[in-house]
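Report on the structure given below.
Each value in this text was obtained by applying a stated rule to the coordinates, not by laboratory testing. Just so it is clear, the model here is predicted, and its values are computed rather than measured. Positions of Cβ are generated from backbone atoms using ideal geometry, with glycine treated the same way; all protein chains shown enter the neighbour counts.
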Amino acid sequence: MTGGGGWSGIPWSWNIITDFRLLWSFEFMRNAMEAGTMIAILAGIIGYFVVLRRSSFASHALGHTGFSGAAAAVLVGVQPVYGLLIFTMATGSGMAVLGNRASARDVEIGTVLAFALGLGLLFISLYRGYAQEAYSILFGEVLGISSAEVAFTFWSTLGVLAVLTLIYRPLLFASLDEDVAEAKGLPLLFLNLAFLLILAVAISFAVQIIGVLLIFALMVTPAAIAVRLTSRSLWAVVVSVLIAMTAVWGGLFVALWTNYPASFFIVGIVFVEYICIRGVGVLRETALLQAVEAPEPDGVWYLRDAAIVAAISQGLFVVGAVLLTIALLAHPGAAWNPAGLLGHALPAVAALEAAAVLGGTSSLLYFSGFRKMATSAREFATPAFLTLVGLLGLGIAIGGLALFLTGETLATTAYGLAPVAVLFGAPLIVLGSVLTGVGLFGHAVGSWKLGLRYNDAALRAGALLMVVPLVGYAVSCFAYRRALVRGAVPAPIPRGTSG
Amino acid sequence: MDAELPHPPLSRAEGDPLDRSGTPAIEAVRLEVRYQSKLVWKDATFRIQRGEFVAVIGPNGAGKTTLFRMMLGLHWPTSGRLSVLGERPRRGNYRIGYVPQRHTMDRDTHLECDKLVRLAYPGARWGPGKRWRPRQWGPRFDLQAEGEAAAQALEDVGAYELGPKSLGALSGGELQRIFLAEALVGNPEMLLLDEPLSNLDLRRSRELVETIHGVVRTRGVTTLLVAHDINPMIRCLNKVIYIANGRVAVGTPDEVLTSERLSRLYGVRVEVLHDSRGNVVIVGGEDDRGGEGA
């Protein structure tokens, strides 16, 4: 990305290894990476229990009481993490003693939470360095972690993991089936206390990198994503840790090169992951995917039309790409400049746009075809779903492109807005492209299944060749024609007699 | 007696300090219980033999769950004597399997059923006095025994294929089978099932009762089942514990479910009607004065 943005981060090269070496050469970055990794591990594991026990609001509240703790520590002149630990652990113990269903007492927790924030505000205003300290407690200051703090985080993480090893099973059991656990003689009060203390420790460390207000993104969301992906407890914990880790690493990495706050990127990565997973869930339930009453030949003929349209779309795409390359070689300045592109490469842009429209149309046709096939053969439900994902991805990619181009245009007039459009446009383009790829994969999977269903080698070959531009869909068109002549594929039902 | 056994033994050998198979499963003598100082019921004297299938029937709040909680050592009688499997009730008694009425999990609980059953497996450890003690803390190392016990328990309740499914994805009837397996995995001598049939339609109720009855016969487990309606299980029962109006009546269904006995229990005129297939209908007793306590 070499847009007109005004950031002044570290120079970026496309060689990831040199980039990483460069990054590792800064001590503050090493500290941030090490602390971040340990915190991601802690948060990922404990987040699983937070989700299982429905105590996400309690964890949010613990973070807020941590704010007053950190502020008090700043006022007294010690490291904020000690204040965080004392305040969150005290609050956690209080919650445990009051009752083991902390999640059910939203009002009490909310009241304490508001008071804690107010207390923190008082402490901060008593302290002279008002804005900066409050800012870093509220939103995290990952690049300010010292080596001593890293060591402290390391030993605390080790201690927490040791305690978790001991109480993992009973805690899991008590979280799942409280009454049976009580009858089995498990000490519920003690388990709840131990859990809240561990949670308090994890939150105290996590606040350092992500801040009080954004704690949810690290403590709850990764585990919430993980339990949707797997119902095996151990896998869920592993996935949750991995998600937290990718978010922390990715966030730090991007933050260093763009000079925007790391907390935003961490939260952003977690958010995008959550949206994707939830999106899949919502998409799977959607009425669009329910089987429709349709005769099978109808589905086949939709698929044939889809292959023809896709072949034309790809042909146009190749033509457009060639024209664009030629135009850009002649006028290099037009690359990131919409006006320049339109001026110098109008035929290329037109061809690419037509290809995109036809590509979308073919995806729609594929989707309808697979959905109709799914009435007689359920195995086509998956290709239909994947194609739907691809359609969604196409929409996202187009939206991202529009945002990106807007940002590039704004770069000349509204300086401050330009990077924002680029910041969101580029990831959306990437996400949309990946999802579109998933859709294309769906075309291939569906065509392969069609080839299996009608025992047609040419259809299967077409499906396999879909990775090669132009060839796969062309072979598919040919295969449909051949299969029709042979009578392998059911002939279309004349209008009026179907249904 | 072997020094190391993989899990609590199925049948206890001669001379085992725990072998009290001669003693009744439950013995209550002039038992009286209060819940938050309110009298729930009193003067309960009864005896349940080992391997019996017993229904606990009575209106809401009559103290059925309180009876279970007393047997689990979670609630103490105010007077009288209660012995369960030959010993005083105590908390954490692994010889009793318990299915409570309420569960913490719901539709959003994404966890394999198999895991829940495994978690309930008590593990193997000898405690003081050569007693089996559940191994509840720390990591598990006898994963194979645990897996086998869980698979066996799931198999016994006809839910083996539900093992890898997520708890949140199950229907009410399937969930009750998993809970039953969870209670069975520790190889208990007694099962306490609190309203497992609520929220099930009549067909699923009968299927679950058949499963439970099968477990009672094959494993020889003494089973107490709290229910509102006795009819789904009336043909498998050995005894009925009828709790109403602060009093407890115990006996075979034929002894207890008579107009005279229930009228005496409720203190008002109650009719017990029988249909041709053995089902009973109790008329006049449900608008009673037994609605206190747990």
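Counting only other chains, what is the mean number of Cβ atoms within 10 angstrom of the Cβ of each residue in peptide A:423-435?
Mean inter-chain Cβ contacts per residue within 10 Å come to 0.
Please give the helix A:417-453 orientation as an angle from the longest Cα principal axis of chain A, in degrees from 0 to 90, rounded to the nearest 10.
Between the helix axis and the principal axis of chain A, the angle is about 50 degrees.
Size of the protein assembly as shown along its principal axes in angstrom, Cα-based, largest extent first?
104, 84, 54
In peptide B:102-111, what is the residue-averaged number of other protein chain Cβ atoms found within 10 Å of each Cβ?
Shielding by partners across B:102-111 averages 6.
Return a whole-number percent for the relative contact order of region A:173-244, with Cα pairs under 8 Å and 6 or more residues apart as the contact set.
Here the relative contact order equals 18 percent.
Can you give me the relative contact order of chain B as a percent, contacts being Cα pairs under 8 Å and 6 or more apart?
Here the relative contact order equals 25 percent.
Summing +1 for each Lys or Arg and -1 for each Asp or Glu, what net charge is found among the other residues whose Cβ lies under 11 Å from the Cβ of A:SER231?
Its environment carries a net charge of +2.
Just checking the output field for A:166-172: average partner chain Cβ neighbours within 10 Å of each residue's Cβ?
Mean shielding count: 4.
Work the Kirkwood hydrodynamic radius out for region A:16-245: mean of 1/r over every pair of different alpha-carbon atoms, inverted, in Å.
This gives a value of 17.9 Å.
Mind jotting down the distance between the C-alpha centroids of region A:38-81 and region B:189-260, whole Å?
If you average the Cα positions of each part, the centres end up 49 Å apart.
Report, in whole Å, the centroid distance computed from the Cα atoms of region A:407-457 and region A:159-175.
42
Work out the count of Lys pairs in the protein assembly as shown where the Cα-Cα distance is under 30 Å, with the pair 8 or more places apart or on different chains.
Count of close lysine pairs: 18.
Compute from the Cα atoms of region A:294-486 the Rg and the Dmax, the latter being the longest Cα-Cα distance, and quote both in angstrom.
Answer for region A:294-486, Rg first and Dmax second: 18.9, 64 Å.
Cα axis of helix A:56-76 to longest principal axis of chain A: angle in degrees, 0 to 90, nearest 10?
50
Sorted from largest to smallest, which semi-axis lengths in Å does the alpha carbon gyration tensor of chain B give for its equivalent ellipsoid, taking the root of 5 times each eigenvalue?
Equivalent-ellipsoid dimensions as semi-axes: 32, 23, 17 Å.
For chain B, modelled as a GNM with alpha-carbon contacts under 10 angstrom, which of B:GLU195, B:GLU87, B:GLU146 fluctuates the most?
B:GLU87
In whole percent, what relative contact order does region A:294-486 give with Cα contacts below 8 Å and a gap of six or more residues?
22
Just tell me the longest site-free run in chain A, where the sites are trypsin sites (Lys or Arg not before Pro) in a DSSP loop having at most 12 other beta-carbon atoms within 10 Å.
Of all site-free stretches, the longest is A:129-494.
Please state the shape class of region A:187-319: rounded when a/c is under 1.5, otherwise prolate if a/b exceeds b/c and oblate if not, all from the C-alpha gyration tensor.
oblate
How far is helix A:296-330 tilted off the main Cα axis of chain A, in degrees rounded to 10, range 0 to 90?
80
Could you put B:TYR121, A:TYR135, B:TYR94 in order, starting from the residue whose Cβ has the fewest other Cβ atoms within 10 Å?
If I rank by nearby Cβ atoms, fewest first, I get A:TYR135, B:TYR94, B:TYR121.
With a 10 Å Cβ neighbour count serving as the proxy for reagent exposure, in which order, fewest first, do B:TYR266, B:TYR160 appear?
The fewest-first ordering by Cβ neighbours comes to B:TYR160, B:TYR266.
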